[in-house]
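The values are calculated or read from the model by the stated rules, or taken from the named source; none is laboratory data. Model, not experiment: these values are computed from the prediction. We place every Cβ from the backbone using ideal geometry, glycine too, and count neighbours over all the protein chains shown.
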Amino acid sequence: MMKDYQAVDPAYKTLLRLIILIDSGLLLTLVVLIALLIPAILPWHGVLAATLILLPTLLLMTLWVSRRYHLTGYDVQSRAVHFRTGALWRTQTVVTLNRIQHVEVTQGPLERALKLARLIIYTAGGRGSDLTVPGLPLSKAESIRDSLLQRVDEQPRFDDTGTQGVARDE
Amino acid sequence: MNNYQRVSIWALFHFIGRTLALFLKQAVNLIPLAVVVITGGEQIRMIIMWVLAIGLPGLIVLHAGVSWWFFRYCADANTLHIREGIFKRTQLTLDYDRIQQADIRQPWYFRPFGQSVLGVESAGSDGKEVELAGLSLDQSEKLRQTMMLHKQEQQCRAGIEQNDSEVWPDGSPQPDLKVDLPLPEIARYGLIHNPVLLVLPVVAYPIGQLDLIDDWLVPRVEGLVATFTNGSSFIETVLMSSAAVLVLLVLIVVFSVLLSIVRYYGFTLTVHGQRYQTRAGLLSIVSRSFQYARLQRLVLQQGIIARLLDRKSLRIDQSGRPDAIQQTKSFFVPVLDASRESELATSLKLNKPDWQSVHPASMVMPWLISTTILVVMTGLIADWNSLWMSVSGTLAGALTGLLVWAGWRRRAVHIDEQWLAVRRGVIGQQQSWIPAHKMQTLRIRQGPWLRLWGVSALHVLSAGGRETIAWLPVEQIEALKSRLTQCTEDYQGRWM
């Protein structure tokens, strides 16, 4: 079945670019400090190292970010939440509503500045089993959270018979 | 108002052990005290020695006694309440509905007094473990039955009918299945699982630090070798050395077999409807039970020796802490021959697997990486001599190729209406079975290398652990994900 993935907010591209810029800036500062403090390092060594950092940064900020944004999407269905992301290494994740333990909306400082939020869905599958949808507008993330929690509450209570064959309502 | 009561006075032994364990855990904080002992002079040293010899044991007994005094429990029809703590008081309330495993242990120090420990583990990602020490065996059994019967009563109230085989066993002497492991089978487990060999490398480091090997062992071995060599032929020396190694190995194996007998003597597995229970132990008897509905993953293991003996081990993981599943707390059947395995598989509703192999290209990267590493290592050792590197490349290529091929042959997947099973191994094998309707998260991953071959990987995260199904065609992985998602969506029964 083809999923109708919804794109995340375009500001997610800005967020990714800012993260890359900060990481590269830190790495560049480290290289400059090493070049200044260690006399054995010649100036051209430093220039080469800086180029090796700046070139991938440029590629990541242009090609990778747009590809990643294009492939990142979510699909909240009546009984499951689907999410896909990645550029070179692609991931598709699904969590069914009857396995949701709790749902969280979080915002880091950069996300707050860009009015974005992350929706995190936790299950009992241990570390790495949570589903994180990044780059959502805060109001959208909150509305998805509320709707998910309401539907989780409406789930039928467990019994031990393991009855199957409940009608699908998609 | 809850009617709290104390556990019996014999529980003091248990509390002393608990305090001792707590003290040993905290003892590292007392290391700075060593400075005072070393630099404080003879008088200070004497005082500290007296404190350690009399004060510390006294303090441990006192702490254990007071802990016992403040430890109270109350078990009503639905809930277990526990109050404990001397300064920091803790109150724990555990609904029987959330209990996923209840064990009764009879440690050797309790057996003469007919006392036992009831260990209860709750479900959930923050699964708690509670121990009630100092209950009579009868009390423990009754309490465990109350906990288990609670579920049946709930089902009756909900109007869920059960057939005879699913009714709780109490009062019914005939189990649906009974598996006994005779002594030779338990001895076989000692051969299969050799903890002594695992302990040796760990013990080797501290022994090495004591210079025992250099100062004591090596001179004696050299002396022994000299004795054999003087007037003996080379063959005699080799034979004697081999005999010494053989004796050592026999001793290790005998010790492992003894350990296995101490742990699993009189192993009995009984199945009553949904309830599985094991009982085993020579000195301390451990009785462990779980409900089928709590099952999250089954692991059938067969190492090299187990394969030679045609035996397997079975571990059942339940929900709770998939990241830190404690082997000692798992429901475990140490050794199964083909007939017992078949009986248990039928009881656990495992279908006959129809294994499907994965894409042969999965062999390429492991073979390439391992061969390259071996060739580079040879190059480093042989100063990049081309002859040595060619020889090493040919041999390493053939050997790793053989191992990778053997691994590929074992690597397979089985999917049916109820189960998802994954098999792996090189000489031995491990099979993991996860109920198809108990998935927590499903994740498909595909990097450029997998994309090149038109395959992808499905990561299955369940409450009992995770499994990866890699190197299957993209369409098949997609279909598998959809099928497992639908199974999980449709299942409205208890899964944890």
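In table form, for the structure just shown:
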| item | result |
| --- | --- |
| Out of B:Ala470, B:Ala436, B:Ala396, sole residue that is buried (at least 16 other Cβ atoms within 10 Å of the Cβ) and within 13 Å of chain A (Cβ to nearest Cβ) | B:Ala436 |
| Looking only at the range B:439-460, and only at residues there that are in contact (Cβ under 8 Å) with a residue 60 or more places away in the chain and either within 8 Å of chain A (Cβ to nearest Cβ) or surrounded by fewer than 17 Cβ atoms within 10 Å (Cβ to Cβ) (or both), the one that is nearest to the chain's Cα centre (by Cα) | B:Trp449 |
| Within the range A:93-119, tally of residues that are within 14 Å of chain B (Cβ to nearest Cβ) and over 30 Å from B:Glu489 (Cα atoms) | 0 |
| Positions within the range B:242-288 being at positive phi and buried (at least 16 other Cβ atoms within 10 Å of the Cβ), in sequence order | B:Gly273, B:Gly281 |
| Some residue of the range A:146-158 being facing chain B (nearest Cβ under 7 Å), at pLDDT 80 or above, farther than 30 Å from B:Lys349 by Cα and not in a loop (DSSP other than H, G, I, E, B) | no |
| Residue under evaluation B:Ser67, criteria (1) surrounded by fewer than 18 Cβ atoms within 10 Å (Cβ to Cβ); (2) at pLDDT 80 or above; (3) not hydrophobic (A, V, I, L, M, F, W, C), criterion not met | (1) |
| Complete set of residues in the range A:1-50 that are touching a residue at least 12 places away in the same chain (Cβ under 8 Å) and of a type outside the set (A, V, I, L, M, F, W, C) | A:Lys3, A:Asp4, A:Tyr5, A:Gln6, A:Asp9, A:Pro10, A:Tyr12, A:Lys13, A:Thr14, A:Arg17, A:Ser24, A:Gly46 |
| Candidate set from the range B:300-325 (those that are modelled with pLDDT of 85 or more and buried (at least 22 other Cβ atoms within 10 Å of the Cβ)); member that is farthest from B:Pro435 (Cα to Cα) | B:Arg311 |
| Residue tally, condition at pLDDT 90 or above and surrounded by fewer than 14 Cβ atoms within 10 Å (Cβ to Cβ), over the range A:35-50 | 1 |
| Matching residues, the range A:123-139, being in contact with a helix residue (DSSP H, G or I) (Cβ under 6 Å, 6 or more places away or on another chain) and either more than 7 Å from chain B (Cβ to nearest Cβ) or buried (at least 16 other Cβ atoms within 10 Å of the Cβ) (or both) | A:Thr123, A:Gly126, A:Gly135 |
| Out of A:Asp4, A:Asp23, sole residue that is surrounded by fewer than 16 Cβ atoms within 10 Å (Cβ to Cβ), acidic (Asp, Glu) and part of a loop (DSSP other than H, G, I, E, B) | A:Asp4 |
| Candidate set from the range B:481-496 (those that are within 30 Å of the chain's Cα centre (by Cα) and more than 7 Å from chain A (Cβ to nearest Cβ)); member that is nearest to B:Gln100 (Cα to Cα) | B:Trp495 |
| Those residues of the range A:65-89 which are touching a Leu at 6+ places or on another chain (Cβ under 9 Å), in a helix (DSSP H, G or I) and within 13 Å of another protein chain (Cβ to nearest Cβ), in sequence order | A:Arg67 |
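Residue-by-condition table, conditions (1) surrounded by 21 or more Cβ atoms within 10 Å (Cβ to Cβ); (2) assigned by TED's automatic domain parsing to the domain that holds B:Gln274; (3) outside any strand (DSSP E or B); (4) in contact with a Cys (Cβ under 7 Å, 6 or more places away or on another chain):
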residue: B:Lys88; (1), (2), (3), (4): no, no, yes, no
residue: B:Gln91; (1), (2), (3), (4): no, no, no, no
residue: B:Leu94; (1), (2), (3), (4): no, no, no, no
residue: B:Asp97; (1), (2), (3), (4): no, no, yes, no
residue: B:Asp103; (1), (2), (3), (4): yes, no, no, no
residue: B:Trp108; (1), (2), (3), (4): no, no, yes, no
residue: B:Leu118; (1), (2), (3), (4): yes, no, no, no
residue: B:Gly134; (1), (2), (3), (4): yes, no, no, no
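Yes/no matrix, rows are residues, columns are (1) farther than 20 Å from B:Gly273 by Cα; (2) at pLDDT 90 or above; (3) more than 14 Å from every other protein chain (Cβ to nearest Cβ):
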| residue | (1), (2), (3) |
| --- | --- |
| B:Tyr109 | yes, no, yes |
| B:Glu121 | yes, no, yes |
| B:Glu131 | yes, no, yes |
| B:Ser136 | yes, yes, yes |
| B:Ala158 | no, no, no |
